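Q: Pasting a structure here, questions to come.
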Amino acid sequence: MTVRQVLAEKGGEVVTLDPGKTLAEAAHLLSERRIGAVVVSGDGGRVDGILSERDIVRAIAREGAAALDAKVSAYMTREVVTCAREVAIDDLMHVMTQGKFRHVPVVEEGRLVGIVSIGDIVKRRVAAIEAEARMLKEYIAG
């Protein structure tokens, strides 16, 4: 299974946020949309960075509540690992596990086309394993 198949199932909508917004605005957006990370983009198509709930918590732990007035650009991860639609989810799961991050923007020709989370990947992986187990049981029983 590839990232393309995951995006076909879940959709390609990506929530983005301008780097000039504040951490408070980012926290509100994450809460409102019930997501764990937001792609930071000045134009909605280029990946300038990514900001996760954990980034906001770390900022508050270091700077206190005043961090909420800081710009997203001050706390976002700038070196974002991205992938293409043709990447196998098993390979991406390995990269995410090794890198200890949970969200990967999908980029093609320099433009943002989707985002996948470790939850998206695990959900599809579990479904594939369950289908395989079901087929094996039917084979053995039949």
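Q: Provide a single number: the residues in segment 45-68 that are among the hydrophobic types (A, V, I, L, M, F, W, C) and in a loop (DSSP other than H, G, I, E, B).
A: 1
Q: Output the qualifying pairs, or none if there are none: Cβ atoms under 8 angstrom, residues six or more apart or on different chains, first residue in segment 30-50 and closer than 11 Å to residue 105 by Cα, second residue acidic (Asp, Glu).
A: 37/53; 40/18; 40/48
Q: Okay, moving on. Scan segment 107-137 for residues that are modelled with pLDDT of 85 or more, among the basic types (Lys, Arg) and in a helix (DSSP H, G or I) and jot them down.
A: 123, 134, 137 - these are the residues of segment 107-137 that are modelled with pLDDT of 85 or more, among the basic types (Lys, Arg) and in a helix (DSSP H, G or I).
Q: Take the residues of segment 69-86 that are in a loop (DSSP other than H, G, I, E, B) and under 16 Å from the mean Cα position of the chain (by Cα): which is nearest to residue 28 (Cα to Cα)? Quick ask: steps written out before the conclusion?
A: Taking segment 69-86 as the starting set, the residues that turn out to be in a loop (DSSP other than H, G, I, E, B) are 70, 75-76, 78-82, 84-86.
Narrowing the set further to residues that are under 16 Å from the mean Cα position of the chain (by Cα) leaves 76, 78-82, 84-85.
Numbers: 76: 16, 78: 21, 79: 24, 80: 22, 81: 25, 82: 25, 84: 29, 85: 29 Å.
Checking each candidate, the answer is 76.
Q: Please specify each residue of segment 95-142 satisfying the condition of being closer than 21 Å to residue 51 by Cα and open to solvent by 90 Å² or more (accessible area, probe 1.4 Å). Walk me through it before giving the result.
A: Start the filter on segment 95-142 by keeping residues that are closer than 21 Å to residue 51 by Cα, which leaves 95-108, 110-121.
Correct list: 98, 100, 111.
Q: Got a number for residues in segment 92-142 being within 16 Å of the chain's Cα centre (by Cα) and of a type outside the set (Ser, Thr, Tyr)? Reasoning before the result, please.
A: First, the residues of segment 92-142 that are within 16 Å of the chain's Cα centre (by Cα): 92-108, 111-124.
Still in the list and also of a type outside the set (Ser, Thr, Tyr): 92-96, 98-108, 111-116, 118-124.
Number of matching residues: 29.
Q: Please work out which residue is surrounded by the most Cβ atoms within 10 Å (Cβ to Cβ), limiting yourself to segment 1-29 and to residues that are in contact (Cβ under 8 Å) with a residue 60 or more places away in the chain and part of a helix (DSSP H, G or I).
A: The qualifying residue surrounded by the most Cβ atoms within 10 Å (Cβ to Cβ) is 3.
The values are calculated or read from the model by the stated rules, or taken from the named source; none is laboratory data. Here the structure is a predicted model, which means the values were calculated and not measured. With ideal geometry, Cβ positions are generated from the backbone for all residues, glycine too; neighbour counts draw on all protein chains shown. For the accessible areas, the whole protein counts, side chains as well, though only heavy atoms, and no ligand, DNA or RNA atoms are used. Shrake-Rupley method; radii C 1.70, N 1.55, O 1.52, S 1.80 Å.
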